[in-house]
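S.K.: Questions regarding the structure given below will be posed in turn.
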Amino acid sequence: MVKIDHFIRSKRRTILLQIKADGSFVVRAPMRADINKINEFIKKKNEWIITKQSEIKMRFLQRQKMLESQEINSENKVLLLGEKISCSKKRAELILWYKREALKHLTLRVNYFANTFGLKYNSIKISSAKKRWGSCSSRGNINFSWRLIMAPSDVVDYVVAHEVSHLKHRNHSKNFWKHVAMMMPNYKNQHDWLRKNGFLLDVAS
């Protein structure tokens with residue numbers, strides 16, 4: 001059986017298995033759940049757990065190597081829209097710079113897509129979100145993570161098109177995805193790139 005790193009009992013009703021960002025395995029179970037039933041449940045999910053742990057640990061190691069490489073061999077190079085450019089700012093200054101660049105570029109792209117497809121938004125803000133590239137509220141307020149500005153320009157456009165489409169379709173219905181495809185016919189390529197490589201978009205701490 002796989003190694004359990006954290007075992008937590010609570011008032012929850014069902015057993016939950018979690019693989020955290022560093023690959024550690026967490027089991028959350030009801031207070032009175034029988035330990036044999038918990039072990040049987042884990043056994044059934046054994047293959048999924050091992051596969052998921054391997055994937056996450058590999059991604060974690062790749063990201064650590066990438067960040068170390070930025071520190072040691074960067075030669076003051078940073079990513080902007082998928083391209084390496086010279087920049088000698090420290091981390092705090094670099095993030096502020098990224099936020100300014102993100103606001104400028106993303107405002108231009110939101111305006112382009114919104115105007116082209118006859119849609120109106122309320123505001124654009126830049127956040128420090130790590131797990132959400134963008135969001136659009138029911139009031140038309142659009143938020144983007146500053147980390148997005150590090151991605152290639154077509155990937156940035158995909159996220160913009162995604163959030164602008166929410167101005168018309170609030171959910172992820174078939175009509176929503178049709179609207180995204182109307183804006184970006186090959187959006188699935190950018191979606192896949194972000195899913196596979198998004199964890200690399202960060203700066204060394």
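S.K.: Looking for something within 21 Å of Leu194 (Cα to Cα), outside the structural domain of Arg195 (by TED's automatic domain parsing) and at pLDDT 80 or above - is there at least one such residue anywhere in segment 57-72?
M.R.: no
S.K.: While we're looking at this one, here's another question. Here is a list of conditions, (1) modelled with pLDDT of 90 or more; (2) within 20 Å of Leu201 (Cα to Cα); (3) within 21 Å of the chain's Cα centre (by Cα), and Val110 meets all of them except one; can you say which number that is?
M.R.: With (1) modelled with pLDDT of 90 or more; (2) within 20 Å of Leu201 (Cα to Cα); (3) within 21 Å of the chain's Cα centre (by Cα) applied to Val110, the lone miss is (2).
S.K.: Report, by residue number, each residue of segment 14-34 that is surrounded by fewer than 10 Cβ atoms within 10 Å (Cβ to Cβ) and at pLDDT 90 or above.
M.R.: Thr14, Met31
S.K.: For segment 147-169, how many residues are free of Cβ contacts under 8 Å to residues at least 40 places away in the same chain and either crowded, with 18+ Cβ neighbours inside 10 Å or not in a loop (DSSP other than H, G, I, E, B) (or both)?
M.R.: So the answer is 6.
S.K.: Run Phe176 past the list (1) in contact (Cβ under 8 Å) with a residue 24 or more places away in the chain; (2) assigned to a helix (DSSP H, G or I); (3) over 26 Å from Leu96 (Cα atoms) and report the number of the one that doesn't hold.
M.R.: The failed condition is (1).
S.K.: Let me spell it out: the conditions are (1) in contact with a Ser or Thr (Cβ under 9 Å, 6 or more places away or on another chain); (2) modelled with pLDDT under 90, and Ile85 meets all of them except one. Which number is the exception?
M.R.: (1)
Here's the yes/no breakdown for (1) of a type in the set (Val, Ile, Thr); (2) closer than 29 Å to Leu96 by Cα; (3) modelled with pLDDT under 95; (4) touching a strand residue (DSSP E or B) at 6+ places or on another chain (Cβ under 9 Å):
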| site | (1), (2), (3), (4) |
| --- | --- |
| Trp146 | no, yes, no, yes |
| Pro152 | no, yes, yes, yes |
| Ala161 | no, yes, no, no |
| Asn171 | no, no, yes, no |
| Lys196 | no, yes, yes, no |
| Val203 | yes, yes, yes, yes |
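The values are calculated or read from the model by the stated rules, or taken from the named source; none is laboratory data. Just so it is clear, the structure is predicted and the values come from calculations on it, not from any experiment. With ideal geometry, Cβ positions are generated from the backbone for all residues, glycine too; neighbour counts draw on all protein chains shown.
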